[in-house]
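Structure first, commentary second.
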Amino acid sequence: MICLGIESTAHTFGIGIIDSNGKVLANVIDGYKTKSGGIVPNKAAEHHVDVCDKTIKKALDNANLTIKDIDLISYSASPGIGTCLRIGAMAARSLALLHNTPIIGINHCIAHLEIGRLLTNAKDPVLLYASGANTQIIAYEGEKYRVFGETLDIGIGNFLDSFARELEVGFPGGPLIEKYASKGKKYIELPYVVKGMDISFGGLLTNLKQKIKSGNHKKEDLCYSAQETIFAMLIEVSERALAHCGKNELLLGGGVACNKRLQEMAEQMCKERGAKSFAVPNQFNVDNGLMIAWLGLLQYKAGDRVNIEKAGIDPYRRTDQIKVTWR
Ligand code: AMP
Ligand code: MG
C-alpha cells in the first residue's frame, strides 16, 4: 500500500510518499518565507495554493509514480493555522474524490514521533518536540500520547526567529543563531524559566531585547548564551519526563532538533543516565509530508476511517486528545 501525505500546518507545504514497509519514496518540501516579520496566515495559505500542484507533481515524479498508484491520501488535520490547514485538507479531498482514494486526517505532532520510531531504532521514546510553534514533551502512556510538559507561551522556534529578528541577522533564525553561537565564548546570565514540567520563553525574549539594545554584548555571546539556556531548559524537563515515565529513549523532533548543540546536550544527558538519544535526518525533523503519509498508513492499517464529507480540520486539537489505535 502506498500513501501520499500532505503537510500544511504552518509555513511548510510538503508532500511525502511512503509504502507500508516504511520505504521512503519521496519527500518534497516547499516553505513560505518572509523577508521581515513572521508568518502572515493568509499569505502562507496563498503560498500553499501557489505551490500545491507542482509539489504534488514533483513528489510523484521523484517516486516514479502516477496518482493512480496512490492507495491512500493523508493530510495534517491538527493542530495548526486554520487558513493553512484548510489548503492541505482541500487538496487531499480533491485528490481523494477525483481518484476515488481513501482519505485520512492526522495529528501533526504525533506524526513527528511516529516518523522517529520508523527511521531510528527508538521503540518507545519520550519525544522532545521542538519546532516553530510547538514545544512539547510527549510520551505514550495508557493508549494516548500524553503531553508531560510544554511551553506556556511561544514555541522555541518562534523564540529563536524573534530573537534573530531583533539581532537583525535574518530568517529563519534558528540556523543563523546556531552559527553565531558556535563563535560565542562568554556566557551571559539569562533568565532560566522552568515551572514544574513546563517552560516559558517570553521573559527571556524581553531580557535579550534589552541586552541587544544596551549594546554592551557581542552578538556571538548573546547567541551562545541564549542557546545554552533554552536547551538546558528543554533537557531538564526531558530528563524529568524520562524518569517519570520510566523510559530510556529520548527522540528529538521538530525544526529546532536540527541544532547540533541541542543534539549534543541530549546525548550527554542520556549517556549520564544510561538512556539513548535519537535524531532523524534534518529533512524529517522540519515539517514534512512524509511523516504525515506514514502516520496515515499506520492509522489506516489499524482500521481508522474517515468519510470524505467529514475530512475537515481541527486547528486546536491537542496531541493528548487522539486515541492511539495503532500501538
Ligand atoms: P518546524 O516548525 O518544525 O518546521 O521548524 C521550524 C523552526 O526550526 C524555525 O523556527 C527555525 O528557526 C528552527 N530551526 C531550523 N533549523 C534550526 C537549527 N539548526 N537550530 C535551531 N533552530 C532551527
Ligand atoms: Mg512540526
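Checked against the criterion of being closer than 26 Å to LEU127 by Cβ, in a helix (DSSP H, G or I) and of a type in the set (A, V, I, L, M), region 188-200 contains not a single residue that satisfies it.
Close contacts from region 1-16, counting a first residue that is farther than 17 Å from THR34 by Cβ and assigned to a loop (DSSP other than H, G, I, E, B) and a second that is away from ligand 2 (no atom under 13 Å from the Cβ) and polar (S, T, N, Q), with Cβ to Cβ under 8 Å and a gap of 6+ residues or different chains, come to MET1/SER20. In region 48-67, the residues that are closer than 24 Å to ILE81 by Cα form Cβ pairs under 7 Å with partners that are of a type in the set (D, E, K, R), at six or more places apart or across chains, as follows: VAL51/ASP30; THR55/ASP30. Taking every residue in region 20-41 that is assigned by TED's automatic domain parsing to the domain that holds THR55 and surrounded by 14 or more Cβ atoms within 10 Å (Cβ to Cβ) and pairing it with any residue that is assigned to a strand (DSSP E or B) and not β-branched (Val, Ile, Thr), at least 6 positions away or on another chain, the pairs with Cβ-Cβ distances below 6 Å are ASN27/GLY16; ILE29/GLY14; ASP30/PHE13.
Condition first: under 15 Å from ILE156 (Cα atoms) and part of a helix (DSSP H, G or I). Now tell me which residues in region 237-262 satisfy that.
In the first step, residues of region 237-262 are kept if they are under 15 Å from ILE156 (Cα atoms); the result is 237-238, 252-259, 261-262.
Across region 237-262, the qualifying residues are VAL237, SER238, GLY255, VAL256, ALA257, CYS258, ARG261, LEU262.
Among the candidates GLY312, GLY296, the residue that is modelled with pLDDT of 95 or more and assigned to a loop (DSSP other than H, G, I, E, B) is uniquely GLY312. Selection of region 213-231 for residues being of a type in the set (Val, Ile, Thr) and either in a loop (DSSP other than H, G, I, E, B) or more than 17 Å from LYS179 (Cβ to Cβ) (or both) yields only THR229.
For beta carbons closer than 7 Å, sequence separation of 6+ or different chains, a first residue in region 240-266 that is among the β-branched types (Val, Ile, Thr) and a second that is assigned to a strand (DSSP E or B) and within 16 Å of ligand 2 (Cβ to nearest atom), the qualifying pairs are VAL256/ALA130.
The residue that is surrounded by the most Cβ atoms within 10 Å (Cβ to Cβ), among those in region 122-138 that are farther than 23 Å from PRO172 by Cα and of a type outside the set (A, V, I, L, M), is PRO125. Residues in region 153-184 that are away from ligand 1 (no atom under 14 Å from the Cβ) and within 17 Å of the chain's Cα centre (by Cα): ASP153 alone. Number of residues in region 277-319 that are closer than 17 Å to GLY253 by Cα and surrounded by 18 or more Cβ atoms within 10 Å (Cβ to Cβ) equals 17.
Checking the structure you have, find out if any residue of region 4-14 is away from ligand 2 (no atom under 16 Å from the Cβ), in contact with a helix residue (DSSP H, G or I) (Cβ under 8 Å, 6 or more places away or on another chain) and at pLDDT below 95.
Within region 4-14, the subset away from ligand 2 (no atom under 16 Å from the Cβ) is 4.
The next check asks that each one be in contact with a helix residue (DSSP H, G or I) (Cβ under 8 Å, 6 or more places away or on another chain); those that pass are 4.
If we keep only those that are at pLDDT below 95 too, we end up with none.
There is no residue in region 4-14 that is away from ligand 2 (no atom under 16 Å from the Cβ), in contact with a helix residue (DSSP H, G or I) (Cβ under 8 Å, 6 or more places away or on another chain) and at pLDDT below 95.
In region 263-292, which residues are in a helix (DSSP H, G or I), within 12 Å of ligand 1 (Cβ to nearest atom) and in contact with a helix residue (DSSP H, G or I) (Cβ under 6 Å, 6 or more places away or on another chain)? Once the filter is applied, which keeps residues that are in a helix (DSSP H, G or I), within 12 Å of ligand 1 (Cβ to nearest atom) and in contact with a helix residue (DSSP H, G or I) (Cβ under 6 Å, 6 or more places away or on another chain), region 263-292 yields ASN282, PHE284, ASN285, MET291.
Could you check how many residues of region 104-121 are surrounded by fewer than 23 Cβ atoms within 10 Å (Cβ to Cβ), among the hydrophobic types (A, V, I, L, M, F, W, C) and away from ligand 1 (no atom under 16 Å from the Cβ)?
Of region 104-121, the ones surrounded by fewer than 23 Cβ atoms within 10 Å (Cβ to Cβ) are 117-121.
Imposing the further condition that a residue be among the hydrophobic types (A, V, I, L, M, F, W, C) reduces the set to 118-119.
Then keep just the ones that are away from ligand 1 (no atom under 16 Å from the Cβ); that gives 118.
Of the residues in region 104-121, 1 are surrounded by fewer than 23 Cβ atoms within 10 Å (Cβ to Cβ), among the hydrophobic types (A, V, I, L, M, F, W, C) and away from ligand 1 (no atom under 16 Å from the Cβ).
The values are calculated or read from the model by the stated rules, or taken from the named source; none is laboratory data. Owing to the predicted nature of the structure, the values given are computational and were not obtained by experimental measurement. All Cβ positions, even for glycine, are placed from backbone atoms using ideal geometry, and neighbour counts span all protein chains on display.
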